[in-house]
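First comes the structure, then the notes that go with it.
Since every read-out is calculated from the coordinates, none of them should be taken as a lab result. Remember, it's a predicted structure, so these values are computed and weren't measured experimentally. Because the Cβ atoms are built from the backbone with ideal geometry, glycine has one as well, and the counts that use them run over all protein chains shown.
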Amino acid sequence: MTSLLRVHNLTVSADGFGAGEGQSLERPFGYADPGEMFAWAGATASWPNRTDPGGSRGLDDYMTRDFGRDIGAEIMGRGKFGPQTGPWEDLDWQGWWGDEPPFGTPVLVLTHHPRPSFTLGATTFHFTDAAPAVALEQARAAAGGGDVRLGGGPTTVRSFLDAGLVDTLHVAECPDVRLGRGSRLWTSPDELEDRYHHEAVPSPSGVVHHLFWR
């Protein structure tokens with residue numbers, strides 16, 4: 001059985017942006033406030049960065065836990081890996097996550113400027129300029145029979161959606177957040193209803209979970 005390409009916990013504003021303009025080393029999401037965008041996940045019992053006991057259960061917690069289920073590899077765009085563009089000027093940069101990235105799998109970073117692979121903890125980063133379909137085959141080969149998670153950002157996810165490669169998609173919409181410009185997934189989730197079944201499920205936290213499947 002071919003492994004699935006899954007998107008989990010991609011969080012967007014009410015106008016469809018997953019990040020604002022102005023990404024930098026200090027602001028991975030540009031002028032968007034990650035504390036506001038990801039409050040729904042950060043409040044859950046299963047949030048991996050939780051330092052205190054407790055946290056909410058229910059739908060938001062289920063979605064947070066489902067993020068890592070049966071994942072054997074990840075694909076991400078270069079903007080998720082770091083803020084640099086163009087040829088790599090600093091090969092010492094190894095991503096936002098420090099010595100123990102949260103992935104624990106092979107990760108394929110899509111870039112027009114490949115660089116040597118490296119390993120941090122249980123995560124190995126590979127860099128490829130392959131088109132989406134080829135990158136997916138590379139990720140499946142690295143996944144060891146597990147599914148492949150498409151980690152973002154929104155522009156990368158949209159390119160795989162437009163290529164017809166995504167099997168399941170979970171997007172958390174923040175109805176009270178509007179960004180106006182930045183990295184956009186959609187104008188409306190209705191754009192995908194010609195290709196996917198779609199359920200929109202409101203959560204007590206205020207976010208709306210959009211679930212898509214073929």
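Quick look at the values:
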{"read-out": "Cα radius of gyration and Dmax for the range 108-214 (Å)", "value": "15.9, 45"}
{"read-out": "Value at 222 nm in deg cm²/dmol, rounded to 500, when DSSP H runs of n ≥ 4 in the chain each add -39,500 (n - 2.57)", "value": "-4500 deg cm²/dmol"}
{"read-out": "Relative contact order of the range 5-213, defined on C-alpha pairs under 8 angstrom at six or more residues apart (%)", "value": "31 percent"}
{"read-out": "Per-residue HN-Hα couplings for the range 73-79 [Karplus 6.51, -1.76, 1.60; θ = phi - 60°; Hz; x = Gly/Pro]", "value": "6, 10, 10, 9, x, 4, x"}
{"read-out": "Simple Cβ-charge dipole of the range 95-184, Lys/Arg +1 and Asp/Glu -1, about Cα centre, in debye nearest 20", "value": "260 debye"}
{"read-out": "Amide hydrogen neighbours beyond the local backbone of I75, cut-off 5 Å, H modeled", "value": "L108, R149, L150, G151"}
{"read-out": "Calculated P(r) over Cα pairs in 10 Å bins from 0, in percent (choose from [x] 9, 30, 21, 15, 14, 9, 3, 0; [y] 8, 34, 40, 17, 1; [z] 9, 38, 38, 14, 1), label", "value": "[y]"}
{"read-out": "Size of electric dipole in the chain: Cβ of Lys, Arg +1 and of Asp, Glu -1, about Cα centre, debye, nearest 20", "value": "260 debye"}
